[in-house]
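Asker: Quick one: this structure, given as structure tokens, is what I'll be asking you about.
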Amino acid sequence: MPNAEPLLQVSGLRVHFPLQAGLLGRHAGTVKAVDGVAFHIDRGETLGLVGESGCGKSTTGLAMLRMSPLTDGRIHFDGEDITSPDKPALKRLRRRMQMVYQDPFGALNPRMKVLDIIGEPLRVHRLTRGRAAYREKVMALLEKVGLKAEMADRYPHEFSGGQRQRIGIARALAADPELIICDEPVSALDVSIQAQVINLLEDLQKELGLTYLFIAHDLAVVRHLCHRIVVMYLGRVVEVADRETLYDNPQHPYTQALLGAIPIADPDPEVQQHFNPSLSGEVPSPIDPPPGCPFHPRCPHATELCRREAPRALEVEDRHTVACHLHDPDRAQAMAGNL
Amino acid sequence: MNMKAHDVTRRTLLDVRNLHTVFEKDGNEVHAVNQVSFDVKEGEILAIVGESGSGKSITAMSLLRLIPSPPGRIIGGRVLFNDEDLLDLDDEQIRRLRGRDIAMIFQEPMTSLNPSLRIGRQLAEPLLVHGSVPKDQVRERCLELLRQVRLGDPEKRLDAYPHELSGGMRQRVMIAMGLACLPKLLIADEPTTALDVTVQAQILELLRDLVRANNSSMMLITHDLGVVARYADRINVMYAGRIVERGTAEEIFHHPKHPYTLGLMESMPRLDQAPGSRLTPIPGQPPDLSDPPPGCPFHPRCRFAEARCRSERPPLEQLTEHHWKACWVDTDAKR
Amino acid sequence: MNASVEPTAVTATPARPVKRRKSLPKPVAFFARLCRERPLGAVGALICLVLLFTGVFADLIAPQGYNAINPIDRLQPPSAEYWFGTDQLGRDIFARIVHGARLSVIVAFAATTLSIVLSALLGIVSGYFGGRLDMLIQRIVDGWMCFPDLILLIVAVAVLGPGTWQIIVILGLLFGIAGSRIVRGAVLSAKQNVYVHAAQSMGASSTRILWHHILPNVMAPLIVLYTTRLAAVILAESGLSFLGLGIPPPSPSWGGMLSLDGRSYMFQAPWLAIIPGIALTVVVFGINMFGDALRDMLDPRMRGGTGRYMARVKRGTGV
């Protein structure tokens, strides 16, 4: 497995949106939603993509699906360059990569029966022949996600949020994809239902050998489900690590602040000591971000170098990458030399 | 830090008895808040925890009589505040109370603020309405409030419009508005759910500090157990419009008794547990409140359910001074 | 199979049980609802039905036709024999009104249908595909809408000449281009739906998305647009005829009857003007009322809720 080629490989990804203002649509700035992102996902693993608003995680997810234009960078899926696919390649890609959405209420067309919602990928890619086979396949998918087959003839409004999310997952599975991009799939669900859907995603991965890109902001959920995690801030990757490493030994100041800010469900004062809401300031806007490290305005360890130059992403230990001058041995020397 | 001493001798600020609020839905009556009783003591932070459909927000709105009247109505109960039943007051009286004695802040800072009015104008409103500050000192007081909520550059913010501020900043303004007249009770309905986690942490710490500084009480409504664990002195757990368990934070988290509370604890991914361990979800869905199941509302999803649970609804029974539960089963024995 | 399929997790009864009743056929049930909720709209619908009926069975109701000249009985006031009186040529005004209804019906429905098809095409292409095409179409529409309707109509008639089909085409074109704006708005808003995004991301073709996901969302505004256009077309045609630019006499266009005959004999035989005037008023009123009621009844249901908070309260899922 370690030597196998990754299923998805992203390098140098940039997605910039120009802002236009005024009567003549003058260029008023650039939203640098994604500004230099690189990562890979191995087959069968779940990669978490976390960060707060403005970090670019959703845009990255959309870029993977090729639903958002790239300003720069390359994306490889199963060895094939999909940065600018032609129409047939794009259609093939759309079979192998699917998305599960955050909003269980908006993601399903209220005028379509569940049968047709789940079966749409089958129709689009002509995967079944005849009504009987179509229906059978949809029923099988319903059962796979833990719903009763007879629900196929009902409409979305008859179901609860958790059930609708299951329908969305069934739809994503219909075309037998290899990669599923989950964009905050449990954020809009009640806590007790979240666990049902999380378990379902886990089981499906084991059973079908799926690979997930799991975009979320809830670090507890991410820790539960993901094997490796990418932490993003203001369009850039600040840290990548295995699950255990990230939560036990975060290196980037932002990751540390992020983990410290999560409320812990135990009132014991000793446990509460780990809660550290030290990070001040607001999450910045991706419009015309400042030069240097994206985090420097809020970083307690910021130096002159951090304000000037963006740090490189370096591997500080096996499978653990950090983009911070403090962990860059060359820079550290330079910084020390400047004192 | 939670205050460990839940002194019974502390004065009761708010005493809610058998509150019952219903809504008309397609000809059916939905019992959104069903015979709910609890109290809030002076200087404490009480959390009301529940998921959607539990009735926690409607409870809060009922206290201040903010229920839209059709389709909802409060059909029973008493809400005693300063020895007055709020449900008995006329419109004028309750309006005077809102914002001055009891204030409420909401989840959506984007829609709670009027987008066409400047911040200063909106912030001044409670002060002007309740006449607690002479007109010439209003601006100064507004600046002071903004400083209290740790909003940088207050002069600039007063003249700004809501869309010029971020979500966290808007919520700070909401808090400033809520605390402007130094109310004895602040009701915060999911105040940080729409905010990023680092901002959420700042806002919650701020809320807690301000409430303690004013010696006010806070009713914190949320679904986030982590938030509750850190800030709440006492907790009400609500399900299907009723309180199913009530107790101190220590009791609820370390000795939960009601199967729903247990279920919530077990179904959450926790940072302080081993990663990748399997979650135990609560099976099923929350009930349809227009046609609730007989007996205990939780029984269809309860792994401890017995025959009695299906036919008789358990009342709240007291276990310790502050710990109550509404359940027929001794879950400790069965676990 | 899956451990996540807890037996009780799969409830046969979903969160909101659907009460299934024996339902009446759709149009009947719809009309019943209309009477209950929007009685004025029901009246309007009735008027439209009467108009339609009259138009279709004009020959049966007034077999003598609209041009039965009878100079002996000229300018008779309304009586038992001539319900609406007679005009200056002795023609039965009732018969002329009835055949005028047929004319209105033909012109109105044909022109409106043409306009809706045009609006839909332009609006959908412009709204869904966006980009340069959208900009081009919108600039043309902008330019077109700068001209007052009447000027365009007059110029068009001058170019094409009067006559039933010419009027239909002109009115269809005029209202079609203007209405594309509304359709484009509906398409843009429908495009925002997450399920459209989902369909795109699974590789569905534009045709498929337009047909299954966009069009159903556009149907409601289109239906409402149809009824408002209908009234507008009737008025426009009457206006043209009034100005002498419409369908030429002896055709019993109500607007023509108002202007050509009504005006000349206004003091001698006021019923020549009043009757067609009332007919026009009643019909336009009826269509407008029905259209309003239709919009009210279709709108909130189509959008699925009156807003986040109230929708949640109404669902009873609590806040």
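Asker: Going by the conditions given, is C:Arg96 in a helix (DSSP H, G or I), at pLDDT below 85 and of a type in the set (Lys, Arg)?
Answerer: It is false that C:Arg96 is in a helix (DSSP H, G or I), at pLDDT below 85 and of a type in the set (Lys, Arg).
Asker: Could you tell me whether any residue of region A:215-230 is away from every other protein chain (no Cβ under 11 Å) and of a type in the set (D, E, K, R)?
Answerer: Yes, because at least one residue in region A:215-230 is away from every other protein chain (no Cβ under 11 Å) and of a type in the set (D, E, K, R).
Asker: In addition: Touching a helix residue (DSSP H, G or I) at 6+ places or on another chain (Cβ under 9 Å), closer than 28 Å to A:Ala265 by Cβ and in a helix (DSSP H, G or I), is that true of B:Ile58? Give the steps one after another, and end with the answer.
Answerer: Values: touching a helix residue (DSSP H, G or I) at 6+ places or on another chain (Cβ under 9 Å): yes; closer than 28 Å to A:Ala265 by Cβ: yes; in a helix (DSSP H, G or I): yes.
Against the criterion (touching a helix residue (DSSP H, G or I) at 6+ places or on another chain (Cβ under 9 Å), closer than 28 Å to A:Ala265 by Cβ and in a helix (DSSP H, G or I)), B:Ile58 qualifies.
Asker: A follow-up question, please. Could you name every one of the helices (runs of 4 or more DSSP H) located completely within region A:91-194 that has at least 2 residues being under 24 Å from the mean Cα position of the chain (by Cα) and either more than 10 Å from chain C (Cβ to nearest Cβ) or at positive phi (or both)?
Answerer: Ranges flagged: A:161-173.
Asker: Hey, any hits in region A:103-110 for a residue that's in contact with a strand residue (DSSP E or B) (Cβ under 7 Å, 6 or more places away or on another chain), touching a residue at least 24 places away in the same chain (Cβ under 8 Å) and surrounded by fewer than 23 Cβ atoms within 10 Å (Cβ to Cβ)? Can you show your working first?
Answerer: Narrowing region A:103-110 to residues in contact with a strand residue (DSSP E or B) (Cβ under 7 Å, 6 or more places away or on another chain): none.
No: zero hits.
Asker: Of a type outside the set (A, V, I, L, M, F, W, C), at the interface with chain B (Cβ under 7 Å from one of its Cβ atoms) and surrounded by fewer than 18 Cβ atoms within 10 Å (Cβ to Cβ): does that describe A:Gln256? Spell out how you get there, then give the answer.
Answerer: Details: of a type outside the set (A, V, I, L, M, F, W, C): yes; at the interface with chain B (Cβ under 7 Å from one of its Cβ atoms): no; surrounded by fewer than 18 Cβ atoms within 10 Å (Cβ to Cβ): yes.
Taking the combined requirement at face value, the residue does not satisfy it.
Asker: Has region B:195-205 got any residue that is within 10 Å of chain A (Cβ to nearest Cβ) and surrounded by fewer than 19 Cβ atoms within 10 Å (Cβ to Cβ)?
Answerer: To start, the set of residues in region B:195-205 that are within 10 Å of chain A (Cβ to nearest Cβ) comprises B:195-205.
Remaining after also requiring surrounded by fewer than 19 Cβ atoms within 10 Å (Cβ to Cβ): B:205.
Within region B:195-205, one or more residues are within 10 Å of chain A (Cβ to nearest Cβ) and surrounded by fewer than 19 Cβ atoms within 10 Å (Cβ to Cβ).
Asker: Do we have A:Ile287 as farther than 22 Å from B:Ile235 by Cα and either more than 7 Å from every other protein chain (Cβ to nearest Cβ) or touching a residue at least 12 places away in the same chain (Cβ under 8 Å) (or both) here?
Answerer: On the way: farther than 22 Å from B:Ile235 by Cα: yes; either more than 7 Å from every other protein chain (Cβ to nearest Cβ) or touching a residue at least 12 places away in the same chain (Cβ under 8 Å) (or both): yes.
Yes: the conditions hold for A:Ile287.
Asker: On to the next question. State whether the residues of region A:198-218 include one that is in a loop (DSSP other than H, G, I, E, B) and either in contact with a Cys (Cβ under 8 Å, 6 or more places away or on another chain) or of a type in the set (Asp, Glu) (or both).
Answerer: Start the filter on region A:198-218 by keeping residues that are in a loop (DSSP other than H, G, I, E, B), which leaves A:209-210, A:217-218.
Checking which are either in contact with a Cys (Cβ under 8 Å, 6 or more places away or on another chain) or of a type in the set (Asp, Glu) (or both) leaves us with A:218.
Looking through region A:198-218, at least one residue is in a loop (DSSP other than H, G, I, E, B) and either in contact with a Cys (Cβ under 8 Å, 6 or more places away or on another chain) or of a type in the set (Asp, Glu) (or both).
Asker: Could you look through region B:40-79, keep only residues that are more than 14 Å from chain C (Cβ to nearest Cβ) and surrounded by fewer than 17 Cβ atoms within 10 Å (Cβ to Cβ), and pick out the one that is farthest from B:Met238 (Cα to Cα)?
Answerer: B:Glu42
Asker: In region A:36-90, which residue that is in contact (Cβ under 8 Å) with a residue 60 or more places away in the chain, of a type in the set (A, V, I, L, M) and not in a strand (DSSP E or B) is farthest from the other protein chains (Cβ to nearest Cβ)?
Answerer: Here the residue is A:Met64.
Asker: Next question. Restricting attention to region B:252-266, does a residue exist that is out of contact with any Phe, Trp or Tyr (no Cβ under 8 Å at 6 or more places or on another chain), of a type outside the set (S, T, N, Q), within 10 Å of chain A (Cβ to nearest Cβ) and under 24 Å from B:Arg98 (Cα atoms)?
Answerer: Scanning region B:252-266, I find no residue that is out of contact with any Phe, Trp or Tyr (no Cβ under 8 Å at 6 or more places or on another chain), of a type outside the set (S, T, N, Q), within 10 Å of chain A (Cβ to nearest Cβ) and under 24 Å from B:Arg98 (Cα atoms), so the answer is no.
Results for (1) more than 30 Å from A:Pro88 (Cα to Cα); (2) surrounded by fewer than 17 Cβ atoms within 10 Å (Cβ to Cβ), shown as yes or no for each residue.
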residue	(1), (2)
C:Ile170	yes, no
C:Arg181	yes, no
C:Gly203	no, no
C:Pro216	no, yes
C:Tyr226	yes, no
C:Ile234	yes, no
C:Ser241	yes, no
C:Ala269	yes, no
C:Leu280	yes, no
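Asker: So, one more: I'd like to verify a number: residues in region A:276-314 that are over 20 Å from A:Ala33 (Cα atoms), at pLDDT 85 or above and buried (at least 18 other Cβ atoms within 10 Å of the Cβ), how many?
Answerer: 3
Asker: In region B:26-39, what count of residues is obtained for those that are modelled with pLDDT under 90 and away from chain C (no Cβ under 14 Å)?
Answerer: 0
Asker: Further question: State whether the residues of region B:166-183 include one that is assigned to a helix (DSSP H, G or I), within 14 Å of chain A (Cβ to nearest Cβ) and surrounded by fewer than 15 Cβ atoms within 10 Å (Cβ to Cβ).
Answerer: Looking through region B:166-183, none of the residues is assigned to a helix (DSSP H, G or I), within 14 Å of chain A (Cβ to nearest Cβ) and surrounded by fewer than 15 Cβ atoms within 10 Å (Cβ to Cβ).
Asker: Would you pick out the residues in region A:242-292 that are part of a loop (DSSP other than H, G, I, E, B), touching a Pro at 6+ places or on another chain (Cβ under 9 Å) and under 22 Å from A:Asp328 (Cα atoms)?
Answerer: Within region A:242-292, A:Pro290, A:Gly292 qualify.
Asker: Looking at this structure, is C:Ala231 in contact with a strand residue (DSSP E or B) (Cβ under 8 Å, 6 or more places away or on another chain), assigned to a helix (DSSP H, G or I) and at pLDDT 85 or above?
Answerer: Details: in contact with a strand residue (DSSP E or B) (Cβ under 8 Å, 6 or more places away or on another chain): no; assigned to a helix (DSSP H, G or I): yes; at pLDDT 85 or above: yes.
When the stated conditions are applied, C:Ala231 does not pass them.
Asker: Among C:Val187, C:Val141, C:Val105, which is of a type in the set (Val, Ile, Thr), more than 23 Å from C:Ser251 (Cβ to Cβ), touching a Gly at 6+ places or on another chain (Cβ under 7 Å) and touching a residue at least 40 places away in the same chain (Cβ under 8 Å)? Explain how you work it out, then say what you get.
Answerer: Details: C:Val141 fails: touching a Gly at 6+ places or on another chain (Cβ under 7 Å); C:Val105 fails: more than 23 Å from C:Ser251 (Cβ to Cβ).
Exactly one residue qualifies, and that residue is C:Val187.
Asker: With the structure loaded, tell me whether B:Thr261 is more than 15 Å from the chain's Cα centre (by Cα) and surrounded by 22 or more Cβ atoms within 10 Å (Cβ to Cβ) or whether it fails that test. Quick ask: steps written out before the conclusion?
Answerer: Values: more than 15 Å from the chain's Cα centre (by Cα): yes; surrounded by 22 or more Cβ atoms within 10 Å (Cβ to Cβ): yes.
So B:Thr261 fits the description; yes.
Asker: Inspect region B:217-226 for any residue being at the interface with chain A (Cβ under 7 Å from one of its Cβ atoms) and of a type in the set (Asp, Glu) and give the result as yes or no. Before you say what the answer is, go through the steps one by one.
Answerer: Pass one, region B:217-226, residues at the interface with chain A (Cβ under 7 Å from one of its Cβ atoms): B:223-226.
From what is left, the residues that are of a type in the set (Asp, Glu) are B:224.
Taking every residue of region B:217-226 in turn, at least one turns out to be at the interface with chain A (Cβ under 7 Å from one of its Cβ atoms) and of a type in the set (Asp, Glu).
Asker: Just to be sure I understand, how many residues within region C:150-207 are within 14 Å of chain A (Cβ to nearest Cβ) and not polar (S, T, N, Q)? Show your work before the answer.
Answerer: Step one: of region C:150-207, the residues within 14 Å of chain A (Cβ to nearest Cβ) are C:189-207.
Subsequent filtering for residues that are not polar (S, T, N, Q) retains C:190-191, C:194-199, C:202-204.
Qualifying residue count for the region: 11.
Asker: All but one of (1) away from chain A (no Cβ under 11 Å); (2) of a type in the set (Lys, Arg); (3) over 15 Å from the mean Cα position of the chain (by Cα) hold for B:Arg270; which doesn't?
Answerer: (1)
Asker: I need the full set of residues from region A:272-284 which are more than 8 Å from every other protein chain (Cβ to nearest Cβ) and touching a residue at least 40 places away in the same chain (Cβ under 8 Å), in order please.
Answerer: Selection gives A:Pro284 alone.
Asker: Is it the case that region B:133-148 has a residue that's touching a residue at least 40 places away in the same chain (Cβ under 8 Å) and not in a helix (DSSP H, G or I)? Break it down stepwise before answering.
Answerer: From region B:133-148, those touching a residue at least 40 places away in the same chain (Cβ under 8 Å) are B:148; that's our starting set.
Right, trim to not in a helix (DSSP H, G or I) and you get none.
Scanning region B:133-148 turns up no residue that is touching a residue at least 40 places away in the same chain (Cβ under 8 Å) and not in a helix (DSSP H, G or I).
Asker: Kindly list the number of the only condition in (1) in a loop (DSSP other than H, G, I, E, B); (2) farther than 30 Å from C:Leu89 by Cα; (3) at pLDDT 80 or above that fails for C:Ser4.
Answerer: The number of the failed condition is (3).
Asker: When only residues in region C:217-231 that are under 8 Å from the mean Cα position of the chain (by Cα) and among the aliphatic types (A, V, I, L, M) count, which is nearest to C:Phe109 (Cα to Cα)? So that I can check it myself, show each step before the final result.
Answerer: The first filter runs over region C:217-231 and keeps only residues under 8 Å from the mean Cα position of the chain (by Cα), leaving C:223-231.
With the extra rule that they be among the aliphatic types (A, V, I, L, M), the set shrinks to C:223-225, C:230-231.
Numbers: C:Ile223: 13, C:Val224: 14, C:Leu225: 13, C:Leu230: 7, C:Ala231: 10 Å.
The selected residue is C:Leu230.
Asker: Here's something else I'd like to know. Scan region A:137-187 residue by residue and report those that are farther than 27 Å from A:Val50 by Cβ and β-branched (Val, Ile, Thr).
Answerer: Correct list: A:Val138 only.
The values are calculated or read from the model by the stated rules, or taken from the named source; none is laboratory data. Keep in mind that what you see is a predicted model, and the values were worked out from it rather than measured. Cβ: placed from backbone, ideal geometry, glycine included. Neighbour counts: every protein chain shown.
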